[in-house]
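Worksheet: one structure, shown below.
A short reminder: the numbers here are calculations on the coordinates, not readings from a lab. Please read these numbers as outputs of a predicted model, since none were measured by experiment. Here Cβ is always computed from backbone atoms with ideal geometry, including for glycine, and neighbour counts include all displayed protein chains.
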Amino acid sequence: MAVCDRSWDSLYQQYHDRLLRQVQKYLPARDESQDVLQDLYVQLRHRDIDPADIANPPAFLMRMATNLAIDAVRRHNRNPVEFTDPAEISEMDGAGSQSVTPEQISSDRQRLEIIRRAINDLPPRCREVFLLCKRDHLSTVEVAEQLGISRNMVEKHLRQALGHCKQVLARHEN
């Protein structure tokens with residue numbers, strides 16, 4: 001482990017509670033806040049920045065945490081219907097074991113298959129952007145950096161993919 005990695009680890013641990021409180025101002029759900037802090041930690045480990053080169057490392061961490069929380073809020077506001085974690089299904093209204101019928105399960109499977117085919121029909125770059133954002137939960141900035149395209153282009157691909165999926169679903173449901 002490099003010296004700067006140990007320094008970041010130490011700073012991260014020292015300011016963890018304060019960072020968590022800051023992120024919870026934007027994301028009150030503890031799981032979401034912890035996810036943002038995990039993203040922060042991963043980004044710290046991937047950057048080749050020595051804390052000694054930064055004038056105020058705690059402020060740097062706080063700014064990074066705030067920016068990541070704001071990005072998460074924006075993603076949520078832009079796409080409020082994310083793919084649901086199967087573990088959360090039982091917590092949804094009306095999702096008790098008695099309310100799920102074999103017909104509903106079959107219908108849901110058919111819809112998932114329709115969506116899978118719709119995603120496979122997307123142009124390759126559009127499909128790649130969509131999967132990185134939705135399946136891998138990368139931000140538009142992270143996808144843009146990874147693919148070497150602009151953030152606006154990532155957003156354009158996402159709009160195209162979501163529009164296509166909605167059209168395909170609408171055709172099959174009518």
Problem set entry | Reachable lysines from K156, criterion Cα separation under 23 angstrom, eight or more residues apart if same chain | K134, K166
Seminar exercise, completed: Nearest-0.05 FRET efficiency for R75 and R6 at R0 = 30 Å, using Cβ-Cβ distance, is 0.40
For this session: Can you pull the one-decimal nm distance between simple spin-label points at T101 and A170, each 7 Å off the Cα toward Cβ?
Result: 2.8 nm
Seminar exercise, completed: So the FRET efficiency between A52 and D17, C-beta based with R0 = 22 Å and rounded to 0.05, is 0.40
For this session: Please turn the phi angles of the range 138-151 into ³J(HN,Hα) values with the Karplus equation 6.51 cos²θ - 1.76 cosθ + 1.60 (θ = phi - 60°), one per residue in order, whole Hz, x for glycine and proline.
Result: 7, 6, 4, 5, 5, 5, 4, 5, 5, 9, x, 10, 6, 5
Seminar exercise, completed: So K156 and D136, fully extended at 0.36 nm per residue minus their Cα-Cα distance, gain in nm 5.4 nm
